[in-house]
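First comes the structure, then the notes that go with it.
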Amino acid sequence: MFTLKALRKNKTVRYGVPMLLLVVGGSFGLREFTQLRYDEQRIRKKLDPSLEAKVNVEKQSVILEEEYEKMKELNLEEWKNIRGPRPWEDSKEYQEQQRSRQTPKD
């Protein structure tokens, strides 16, 4: 029979068993961490009602009716197309110019 000294000198027991435990234990540990990751993604993937309605055709008509009601309330006769600043323009200067042009007409 092997004695404790013989087991300590055996390279398989000394290096192989810890390596095997590390590989097998690591796979179980990684499984738990990846499961947490996928659970979190599943929770984040839940859609808000407006996006869910876009996906679900049955709820889509309700959303369209709500948007139609919002559009009826808007005054489209006094609508103006206002250009935003270009990337090379200073946005603060451009905003000041736009505000000066939009003086209320009484």
Task: Cross-chain or 6+ apart pairs with Cβ under 7 Å, the stretch 40-55 first and under 22 Å from E66 (Cα atoms), then among the polar types (S, T, N, Q) and at pLDDT below 65 - done: A53/Q60; K54/Q60
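Within the stretch 83-100, track down each residue that is open to solvent by 90 Å² or more (accessible area, probe 1.4 Å) and at pLDDT below 80. It would help to see each step written out before you state the result.
We begin by selecting, within the stretch 83-100, every residue open to solvent by 90 Å² or more (accessible area, probe 1.4 Å); these are 83, 86-88, 92-93, 96, 99.
Selection gives R83 alone.
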- [ ] Among residues belonging to the stretch 37-55 that are among the aliphatic types (A, V, I, L, M) and exposed (fewer than 10 other Cβ atoms within 10 Å of the Cβ), point out the one that is modelled with the highest pLDDT.
- [x] I43
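The values are calculated or read from the model by the stated rules, or taken from the named source; none is laboratory data. Just so it is clear, the structure is predicted and the values come from calculations on it, not from any experiment. Virtual Cβ from ideal backbone geometry, glycine too; neighbours counted across all protein chains shown. To get the accessible areas, we keep the full protein, side chains included, count just its heavy atoms, and leave off ligands, DNA and RNA. Shrake-Rupley method; radii C 1.70, N 1.55, O 1.52, S 1.80 Å.
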